[in-house]
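Remarks on the structure that follows.
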Amino acid sequence: MKCSYPTLFSPCKIGNVEIKNRICKAPQTTGFSHMDGTVSSRLIRCYEDLAKGEVGMIIVEYAYVDNKYSKSASNQLGICDDEYMVGLGWLADTIKNNDCVPCIQIEHCGRQRFLGPPMKSASANPWPLMYERYGQAAIPEELTIEEIHQLVEDFGKAAWRAKTAGFQVVEIHGAHGYLITNFLSPFTNQRKDWYGGSRENRFRFLEQVFKRCKEYVGEDFPIIVRLSGTDYEPDGMTIEDTIYYAKRLEELGCAAIDVSGGDHHQMIHQVTPMQIPRGHNVWAAEAIKKEVSIPVFATGSITQPDYAEEILASGKADFISMGRPLLADPYWAKKAMEGRAEDISPCIRCNEGCLDRGNHLGKSINCTMNPLLGFEDALAIRPAETKKRVAVVGGGPAGMKAADTAALRGHEVTLFEKRKLGGYLHEASYPEFKADIRDALAYLITQVEKHGVEIVKKEATAADLEGFDAVIIAAGASPAGLGVPGADRSSVTLAVDSLTEDAQKLTGRIVVIGGGLIGTEAAIQMSLDPENQVTIVEMLPEIMNGCSDCDHIVYSDMIREKKIQVLTSARVLEIGDDGVTAEWKGRRQVIPADHVLLATGMKPNRQLYEELKEKGVCVRNVGDSLQPGKIYDAIHTGYKAGLKI
C-alpha cells in the first residue's frame with residue numbers, strides 16, 4: 001500500500017536512537033499519577049494506547065526533579081528520588097513493548113506553580129495569575145547560587161534515573177515559562193550576577209544543567225531540549241535569543257531541539273485555541289532549523305496529517321511533536337499510516353477538556369472529542385450482550401456520537417434528523433475563526449455513515465418511535481428569545497441564525513443582546529465588516545461567562561481591535577424604531593440599531609423525552625436537550641448513552 005505521507009512515516013535518528021517515523025507525542029501533564037508522583041496503572045494505560053497508536057516516540061509528561069519546589073501540579077509525575085525508578089521502568093517498558101521509543105521530560109516549575117507558594121525562580125518576578133490568587137505570597141524567592149548548584153545536580157540525577165529506568169531519550173524542559181525559561185528570558189530574569197544580564201549569562205543555568213545531565217548519562221545517550229521560540233512577552237525572549245541558545249546546545253552535544261512557544265501567562269501562544277491559525281509556532285522551528293544541523297521538532301496546532309507532511313517535506317522541521325491531537329485520538333498515526341485520515345477523531349483546539357475542565361479545576365486531563373481519555377478500559381466499546389433496535393432523535397454532535405457508539409456495539413440504529421446532520425455545529429463552525437469545528441462535523445458524519453446508521457430525514461414523533469427497543473433523545477435546544485416589547489420586529493433576528501451561509505448580510509448599526517459565547521461570536525463575526533458598528537448588551541456584570549480561558553483572551557483582543565462597544569449590567573426594556581432601549585448605570589439609554597441579534601440563551605427541547613418517559617419507553621436524554629452546554633457535553637453524554645444501551 002502506498003503511503004500518503006511518505007516523509008511523515010520515514011525513519012529518522014535522534015542521536016544513536018532510530019525513530020520509526022517522524023511523529024512524537026509531545027509532553028503534557030495528565031494528572032494520572034498517584035498523589036506522591038509515582039506511576040499509576042491509569043497512567044500506564046493511557047501511554048499504552050499512545051504507543052499502540054504507532055507514534056515513533058513518546059515524550060512522557062514533565063517529571064519534577066526535587067522534593068522542594070519543582071512540583072507544579074497535583075498528581076504530577078515525579079523523578080526526584082530513586083524509589084520512583086521502579087514505576088518509571090514499568091512505564092518505559094510499556095512504551096517499548098509496543099515498538100515505540102520512550103523519552104521523558106524533566107523539569108522544575110519555577111514561578112509557574114499551580115500548587116501555590118512557596119515558589120523559587122530566577123528573580124522575584126511573579127506569574128500574574130498566581131499573584132492574583134495568592135498576593136504577595138506568590139512572589140517567588142530568587143534562587144541563591146548554592147540552590148542553583150543543587151538544582152543542577154538534581155537535574156543530573158533525574159536524567160540518570162530516566163536512563164536507568166529504561167528511557168532511551170531525555171528531554172530537558174526549557175520552555176513555557178518554567179524555571180529554565182525564567183533564566184533564559186529577560187522578562188523574568190533581572191539577576192545582577194553571572195546568571196543574569198547578557199544572553200551568555202542567562203544561558204548559563206541551562207548550560208550547567210545540560211552538562212551535568214550528560215555527565216550522568218554518558219556522551220552516547222541522547223538528550224534533547226525543549227525551547228520556546230519566543231515567550232511572546234514584552235521585552236521577553238526573542239527568536240534571536242533562542243537561535244543562540246540552540247546553537248550553543250548543539251555545541252554541547254544536544255541531540256535535538258524541540259521548538260514550542262509562549263508561557264502560561266501567554267497561554268494562547270503555548271496552547272493555541274482555534275481562533276489562532278494552525279502551526280502557530282512552526283515559523284520558529286523553521287528559523288532554528290536553518291541555523292543548526294541537529295534535528296528540530298515543530299509543534300503547536302499541527303492537527304492534520306497532510307499539514308504535518310507539508311511541514312516536513314518543505315524542510316521546516318525534522319519531527320512533528322503533537323500533544324492535543326494525540327489526546328483526541330491516540331491512534332492518529334496508525335490511521336494516517338493506513339490511509340484513513342477521515343477516521344481520525346480531530347482535535348478542535350477548544351482547550352475545554354485538556355485545560356479548562358482538567359488541570360485548571362484540579363482534575364486529571366480529559367478531551368472533548370475523546371471520552372475514553374483516562375478511562376480507556378472503563379468506557380471501552382464492547383459488543384452488546386443483546387442486539388437491539390435503537391432510535392436516536394437528533395443529528396447534532398450528541399445524537400451522532402450516540403448513534404455511532406451504539407452501532408459500533410452491534411445495535412441496529414436509526415437516526416432521525418429533520419434538518420441536516422450536524423445540528424448547530426454548522427452555525428458554530430461558520431466563522432473562519434472557528435473553522436476547526438468543521439473537522440469535527442466531517443468526522444462525526446463520516447463515522448455514522450461508515451458504521452451503518454440508517455438516516456431518516458424527518459422530525460420524529462412518538463408514533464415514529466414505536467417498535468424500537470430503546471430511544472436516545474438528542475433533540476438539542478432552541479433560542480430562548482426575549483420577552484420585551486418590539487422583540488418581534490422585522491429588524492430582530494436570532495444571533496445563531498446570522499451564522500450561516502444563507503443568512504442575510506447585515507450592515508450598519510448592529511446590537512447584539514446577550515454576551516455569552518453565541519452573542520460574542522456573532523458580534524465579532526458582524527464586526528468583520530468594517531462598515532458595521534457593533535454593540536453587545538449584557539445583563540450580567542461581565543460578558544463571555546462560561547467561555548474557556550483561551551477563548552476569553554482571544555475574543556477580548558478581537559473586541560478591542562474591532563472597537564465593539566460592550567455594555568454590561570444593562571437590562572433591555574424594549575426594541576423600537578430608534579434602537580434598543582436599556583437601563584444602564586441607573587438610567588434609560590437608547591442604543592441606535594439598524595439590526596438587533598438576540599443571543600439570550602438556549603432552552604432544552606425536552607417535550608418528546610418527557611412524553612416517552614411518561615409512556616414507560618426506555619429513553620435517555622443527551623446533549624443540549626438534557627442541558628444546554630458545549631460540544632464537550634454533547635460528545636460525552638452521547639457517547640455514554642450509546643455505551644449503556
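The values are calculated or read from the model by the stated rules, or taken from the named source; none is laboratory data. Values in this document were obtained by computation on a predicted structure and should not be read as measured data. With ideal geometry, Cβ positions are generated from the backbone for all residues, glycine too; neighbour counts draw on all protein chains shown. Note: areas computed on protein heavy atoms with side chains; ligands, DNA, RNA excluded. Shrake-Rupley method; radii C 1.70, N 1.55, O 1.52, S 1.80 Å.
Each peptide in 259-266, 291-298 gets a packing score, the mean of other Cβ atoms within 10 Å over its residues, and the list from highest to lowest is 259-266, 291-298.
Hey, any idea what % of the chain's accessible area is carbon plus sulfur with a 1.4 Å probe? Carbon with sulfur: 49 percent of the solvent-accessible area. Over the residues of the chain, the helix contribution to mean residue ellipticity at 222 nm works out to -9500 deg cm²/dmol, using -39500 (n - 2.57) for each DSSP H run of at least 4.
With K and R counted +1 and D and E -1, the other residues having a Cβ less than 10 Å from that of Asp436 yield a net charge of +3. Using 21 Å as the Cα-Cα cut-off, could you pick out the over-long pairs in Lys418/Lys603; Lys603/Lys644; Lys334/Lys644; Lys52/Lys335; Lys25/Lys211; Lys120/Lys192? As for pairs spanning more than 21 Å Cα to Cα, those are Lys603/Lys644; Lys334/Lys644; Lys25/Lys211. Compare the Cα positions of Ala256, Thr405, Gln208 along the charge dipole of the chain (+1 at Cβ of Lys, Arg; -1 at Cβ of Asp, Glu; about the Cα centre) and return the one farthest towards the positive end. Working it through, the farthest residue towards the positive pole turns out to be Thr405.
Taking all protein chains as shown and a probe of 1.4 angstrom, Asp549 keeps an accessible surface of around 80 Å².
State the extension gain, in nm to one decimal, for the chain segment bounded by Tyr307 and Lys13, taking 0.36 nm per residue of separation less the distance between their alpha-carbons. Write down the numbers at each step before the final one.
Details: separation 294, 0.36 × 294 = 105.84 nm, distance 2.18 nm.
Stretched out fully, the Tyr307 to Lys13 stretch lengthens by 103.7 nm.
With contacts taken as Cα pairs under 8 Å at a separation of at least 6 residues, the range 20-131 carries a relative contact order of 30 percent. Building the convex hull from the alpha-carbon atoms of the range 483-570 and averaging its projection over directions returns 6.0 nm². Between the alpha-carbon centres of the range 480-544 and the range 273-315 there is a gap of 37 Å.
In order along the range 131-139, the Karplus-derived 3J(HN,Hα) couplings, from 6.51 cos²θ - 1.76 cosθ + 1.60 at θ = phi - 60°, round to 5, 4, 7, 10, x, 4, 5, 8, 6 Hz, and Gly and Pro are given as x. Taking His451, His636 and ordering them by how much accessible surface each has at a 1.4 Å probe, largest first, produces His451, His636. Taken along the Cα-to-beta-carbon direction at a fixed 7 Å, the label points for Leu573 and Arg248 span 6.5 nm.
For the range 8-77, averaging the sequence separation of C-alpha pairs within contact (under 8 Å, six or more residues apart) and dividing by the residue count gives a relative contact order of 37 percent.
Within the straight-line cut-off of under 16 Å between alpha carbons, the aspartates and glutamates reachable from Lys401 are Asp329, Glu342, Asp343, Glu412, Glu417, Asp439, Glu449, Glu454, Asp624, Asp633, sequence neighbours fewer than 8 places apart in one chain being disregarded. Taking a Cβ cut-off of under 12 Å around Asn16, the surrounding Lys, Arg, Asp and Glu residues balance to a net charge of -2, with basic ones at +1 and acidic ones at -1.
The three principal axes of the Cα atoms in the chain give end-to-end lengths of 74, 64, 44 Å, sorted in falling order. Here Met267 sits with roughly 20 square angstrom of accessible surface, probe radius 1.4 Å.
The 3J(HN,Hα) values that the Karplus relation (6.51, -1.76, 1.60; θ = phi - 60°) gives for the range 578-591 are, in residue order, 7, x, 9, 9, 9, 9, 9, 6, x, 9, 7, 9, 9, 9 Hz. Gly and Pro appear as x.
How much of Arg204 can a 1.4 Å solvent probe reach, expressed as accessible area in Å² and rounded to 10? Estimated to the nearest 10 Å², Arg204 gives 40 Å².
Hey, which of these cross-link pairs are over 31 Å Cα-Cα: Lys163/Lys434; Lys420/Lys615; Lys20/Lys68; Lys363/Lys387? Before the final figure, lay out the partial values.
On the way: Lys163/Lys434 43 Å; Lys420/Lys615 28 Å; Lys20/Lys68 38 Å; Lys363/Lys387 36 Å.
Those over the limit are Lys163/Lys434; Lys20/Lys68; Lys363/Lys387.
On the basis of the beta-carbon distance and an R0 of 22 Å, Ile553 and Glu132 show a calculated FRET efficiency of 0.95. Charge tally around Ile148: other residues with Cβ under 14 Å, Lys/Arg +1 each, Asp/Glu -1 each, net -2.
Pairs of Cα atoms nearer than 8 Å and 6+ residues apart set the relative contact order; for the chain it is 11 percent.
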